[in-house]
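The values are calculated or read from the model by the stated rules, or taken from the named source; none is laboratory data. Model, not experiment: these values are computed from the prediction. Here Cβ is always computed from backbone atoms with ideal geometry, including for glycine, and neighbour counts include all displayed protein chains. Quick note on the areas: whole protein, heavy atoms, side chains included, nothing else; ligands and nucleic acids left out. Shrake-Rupley method; radii C 1.70, N 1.55, O 1.52, S 1.80 Å.
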Amino acid sequence: MGILDIKSVTLRFGGVVALDHVSFEVKEGEIFSLIGPNGAGKTSMLNCISGLYRPTSGSVLFKGEDITNLKPHKRAALGIARAFQNIELFPHLSVLDNLMLGRHVRMKTGVLAGGLYWGKAQKEEVEHRKKVEEVIDFLELEHVRNTPVGTLSYGLQKRVEVGRALALEPEILLLDEPMAGMNNEEKEDMARYIIDIHEEKKTTIILIEHDMGVIMDLSNHIAVLDFGKLIAYGTPKEIQNNPRVIEAYLGEEHVG
Amino acid sequence: MRNPFVMECGEFHVSYKQDMAIWKIPRVRTRIFLIVAFFAIFPLIVSDYVVSLATLCGIAAIGAIGLNILTGFTGQISIGVGAFLGVGGYTSAILTTKLGLSFWLSVPLAGVITAIVGALFGIPSLRLKGLYLAIATLAAQVIILFVISRWDSLTGGTAGLVLLRPEIGNFAFTSEDSYYYLMFVILLITTIFSLNLFRSRVGRAFIAIRDRDIAAEVMGIDLFKYKVMAFSVSSFFVGVAGALLGHYTMIVSPELYSISVSIEYLAMILVGGLGSVFGSIYGAVFITLLPVVLRAFVELLNGMFPGLSDVLVGMKEVVFGLMIILFLVYEPEGLDKIWRNIKNYFRLWPFSY
Ligand SMILES: Nc1ncnc2c1ncn2[C@@H]1O[C@H](COP(=O)(O)OP(=O)(O)O)[C@@H](O)[C@H]1O
Ligand SMILES: [Mg+2]
């Protein structure tokens, strides 16, 4: 049993089959990569894991517990955090506040205590601010700490997106194309952050990425999706030599 | 002492607690103290008429902060504020006149009851957004007013109810000055509470829901719970404002809580600045004083051109609509933004280019 078990998940949108009886398991503490051509169903799979989509059939198990019908906010409380492919930050809030929101499920202050801001509530803010500052140091965001994220460059926004998920102190971190649209230097930085998160915090990571170099370097295991079907699963070496994978990717290149 | 109105050019904090404090530096603290002190001695300087206008502005500001919590900060539009003011006013009227409760209990209770009613009418917000939610809150407005004007035995029907000014021991808050101070303390508490709310967990969750509800949900915010909470916190302050207004004017009756009142409050937060606590106050003052200034203006013109006032009767609505459109087009962030621009200009003065 892995930390996450995907059991025969099928997801349909009308006539479109986004996921077709997909099963795999993610082992605790590994970097698990999900690859495949555009439209293969990678983001849909993450949506089933974080609860934004409910599978048409099949189930999602977290630490052996069936979470298929759990609402997204409850999954966050279990320790499942997510960075979105299309940036979904809170644009009017500063980097600090975005990251503080990442800590929502770890905090307790209610309306009254928050409005009065006495003793406990203030202590909690300060305590969690420290945690958030650790993430800020870790991702080297010190210089933009108080800047509204809407005004940041695309590369920095992507980094804050990861930071917000990281601030939750997740057990599983879902990263949907964290390097998409970045230049090489930014990509290298991001790859380094992912390795550091994995090594220092022992966080299980599910990574979606198109850059094969990065995928082969970072992953413990890789699952390949094509038209909603799982066509291969294995270590980077196994995937590299898998004829079906090569075909799927060559096929895409011919079309592209 | 250094001049507290000199602007700082930089702030340096050595601890998170200090960095997170509202009154960050002593000079700001002095400035706030002076502003509060000004409004504390203000009624002693001006006439009763001006004090009464200030009291109305302040009560409107409490309600506008309440509405802004819901619409400006959480992004849930409501055009039922008028009716919620009514719920506050009637609750306090009924509690004091029929049950003999004291004002000091009935006003907070009016807030609580309005919060509950607000939460109830907030439930559809889970499914409805934007225009659809607006129409659902319009339904709240219509239903509440219907109940108020038809439940004669409890509400006095279309005639309404008469309320009394509050007392402490032998002291009654009958003078303009005394009621102003009462309003002032409650406005101060409302302001500080709201400022605190939006720098702590729940307030941040409200803003997150406004900006990106899907991301908010994935970060662990229970949308349903927090939307209903925003409706009830917001309605609490609207209810308190309604109760304060009722005891001030000493009457509650259905026509005081019509939909045009709802529109006025929306205009306050639009003009003042959506998602700004101080903006709500500026907007409330602006919208409350606008008809007063207009009337004075029309009277002035009427002296010069007799008969003109007949032509200008409808001017209030026109100017009102024009103001809203102008703000939406030219300064969507409202008076609060304009004020910040002015401050920033002087912060760099005399090198403001
Ligand atoms: N909300 C939705 N409604 C309809 N179709 C969708 C929806 N989300 C995804 N799809 C479809 O599912 C398929 C997989 O999409 P997606 O998971 O985004 O692919 P990937 O992330 O691998 O590029 C696509 O054909 C897409 O059009
Ligand atoms: Mg995708």
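A few comments on the model shown:
- Flag if A:Val22 is under 20 Å from A:Asp176 (Cβ atoms), open to solvent by less than 10 Å² (accessible area, probe 1.4 Å), away from ligand 1 (no atom under 14 Å from the Cβ) and at pLDDT 95 or above: no
- Of all residues in region A:178-214, those satisfying the criterion of being aliphatic (A, V, I, L, M) and more than 20 Å from A:Val135 (Cα to Cα) are A:Ala180, A:Met182, A:Ile208, A:Met212, A:Val214.
- Just one residue in the set B:Arg199, B:Arg165 is open to solvent by less than 80 Å² (accessible area, probe 1.4 Å) and in contact with a strand residue (DSSP E or B) (Cβ under 7 Å, 6 or more places away or on another chain); that residue is B:Arg165.
- Residues of region A:28-42 that are touching a helix residue (DSSP H, G or I) at 6+ places or on another chain (Cβ under 7 Å) and either without any contact (Cβ under 8 Å) to a residue 24 or more places away in the chain or more than 13 Å from ligand 2 (Cβ to nearest atom) (or both): A:Ile31, A:Ser33.
- Listed by position, the helices (runs of 4 or more DSSP H) inside region B:96-178 whose residues that are in contact with a Pro (Cβ under 6 Å, 6 or more places away or on another chain) number at least 1 are B:103-122, B:130-150.
- Reported count of residues in region B:175-229, each being over 22 Å from the mean Cα position of the chain (by Cα) and more than 8 Å from chain A (Cβ to nearest Cβ), is 4.
- Selection within region A:107-130 - within 24 Å of A:Leu166 (Cβ to Cβ), more than 7 Å from chain B (Cβ to nearest Cβ) and open to solvent by 80 Å² or more (accessible area, probe 1.4 Å): A:Lys108, A:Lys123, A:Glu127
- Of residues in region A:45-75 being away from chain B (no Cβ under 14 Å) and crowded, with 22+ Cβ neighbours inside 10 Å, the one farthest from A:Ile239 (Cα to Cα): A:Pro55
- Test: residue in region A:2-21 that is among the charged types (D, E, K, R) and under 30 Å from A:Ile195 (Cα atoms): yes
- Subset of region B:277-304 (residues that are open to solvent by 60 Å² or more (accessible area, probe 1.4 Å) and over 21 Å from B:Val50 (Cβ atoms)): B:Phe278, B:Gly303, B:Met304
- Of the residues making up region A:86-103, those that are within 16 Å of ligand 2 (Cβ to nearest atom) and touching a residue at least 12 places away in the same chain (Cβ under 8 Å) are A:Ile87, A:Glu88.
- Looking only at region B:1-29, and only at residues there that are open to solvent by 40 Å² or more (accessible area, probe 1.4 Å) and either aliphatic (A, V, I, L, M) or within 22 Å of B:Ile186 (Cα to Cα) (or both), the one that is modelled with the lowest pLDDT: B:Met1
- Residue in region A:155-162 that is among the acidic types (Asp, Glu) and more than 10 Å from chain B (Cβ to nearest Cβ) present: no
- Filter result for A:Ser33 (within 15 Å of ligand 1 (Cβ to nearest atom), assigned to a strand (DSSP E or B), hydroxyl-bearing (Ser, Thr, Tyr) and under 28 Å from A:Gln157 (Cα atoms)): yes
- As a summary of the residue check, A:Ala83 satisfies the conditions (1) away from ligand 2 (no atom under 16 Å from the Cβ); (2) within 14 Å of another protein chain (Cβ to nearest Cβ); (3) small (Gly, Ala, Ser) except for the one numbered (1).
- Checking every residue in region B:132-141 against the condition of being open to solvent by 70 Å² or more (accessible area, probe 1.4 Å) and without any contact (Cβ under 8 Å) to a residue 24 or more places away in the chain gives at least one match.
- Residue list for region B:182-191, filter: surrounded by fewer than 16 Cβ atoms within 10 Å (Cβ to Cβ) and touching a residue at least 60 places away in the same chain (Cβ under 8 Å): B:Leu188
- Residue list for region A:52-72, restricted to those being over 30 Å from A:Met216 (Cβ atoms) and away from ligand 1 (no atom under 13 Å from the Cβ): A:Ser57, A:Ser59, A:Gly64, A:Glu65, A:Asp66, A:Ile67, A:Thr68, A:Asn69, A:Leu70, A:Lys71, A:Pro72
- Of all residues in region A:194-216, those that are away from ligand 2 (no atom under 16 Å from the Cβ) and touching a Ser or Thr at 6+ places or on another chain (Cβ under 8 Å) total 1.
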